[in-house]
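Just so it is clear, none of the values below were taken in a lab; they were calculated from the coordinates. Bear in mind that the values here come from a model prediction, so they are computed numbers and not experimental data. Because the Cβ atoms are built from the backbone with ideal geometry, glycine has one as well, and the counts that use them run over all protein chains shown.
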Amino acid sequence: MKNIPVDTSNMEFRLADDVQPKMKNRETGEMKINRQGVPVYEATVMVRRPERRAELMTVSFPSAQLPDLHAGMAVELVDLVGFWWEANGRQGLSFSVTQIRPVGAEQYAA
């Protein structure tokens with residue numbers, strides 16, 4: 001799987017909903033963890049670019065604890081990448097970041 005970096009310099013992001021745990025198995029309630037054993041969360045983000053309509057996208061990111069990020073908050077997506085996936089006859093484009101932090105925050109502890 002090849003990660004494709006996304007240039008975010010001309011984009012604004014705002015959380016469309018509260019951050020949620022990314023589930024590995026919804027039936028058992030098992031949360032997804034990354035290769036380093038860190039829980040993975042997901043956020044639905046409204047993306048605005050000049051001269052374009054706003055769009056929604058979902059991004060996944062690792063965090064040791066549930067981040068204090070809520071709907072309506074302006075955020076920065078750190079190291080946004082897209083990647084193409086294919087599984088069980090399905091395929092799609094997904095997005096991930098190394099960190100989500102409120103706009104203007106120096107650092108958000110992951």
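Annotations
- Amide hydrogen neighbours beyond the local backbone of GLU76, cut-off 5 Å, H modeled: ARG101, VAL103
- Inter-site label distance for GLU55 and THR98 at 7 Å from Cα along Cβ, in nm: 2.4
- Here the Karplus relation 6.51 cos²θ - 1.76 cosθ + 1.60, evaluated at θ = phi - 60°, turns the backbone of region 47-54 into coupling constants of 10, 10, 10, x, 6, 10, 6, 5 Hz, with x for every Gly and Pro.
- In the chain, Cα pairs under 8 Å separated by at least six residues give a relative contact order of 29 percent.
- Note on the chain: with charges restricted to the Cβ of Lys and Arg (+1) and Asp and Glu (-1), its dipole about the Cα centre is near 300 debye.
- Under Karplus coefficients 6.51, -1.76 and 1.60, residue-wise ³J(HN,Hα) of region 22-39 in Hz, glycine/proline x: 8, 8, 7, 9, 5, 5, 9, x, 6, 8, 6, 10, 8, 4, 8, x, 8, x
- Two-site label geometry, MET31 and ASN3: point separation in nm, points 7 Å out along Cα→Cβ: 2.1
- Under the Karplus curve 6.51 cos²θ - 1.76 cosθ + 1.60, θ = phi - 60°, whole-Hz ³J(HN,Hα) for region 56-62, x wherever Gly or Pro sits: 9, 9, 10, 10, 9, 7, x
- Of all aspartates and glutamates in the structure, those lying under 13 Å Cα to Cα from LYS32, and not within fewer than 8 positions of it along the same chain, are GLU42.
- Burial ranking of peptide ranges 86-97, 41-52 (average Cβ count within 10 Å, highest at the top): 41-52, 86-97
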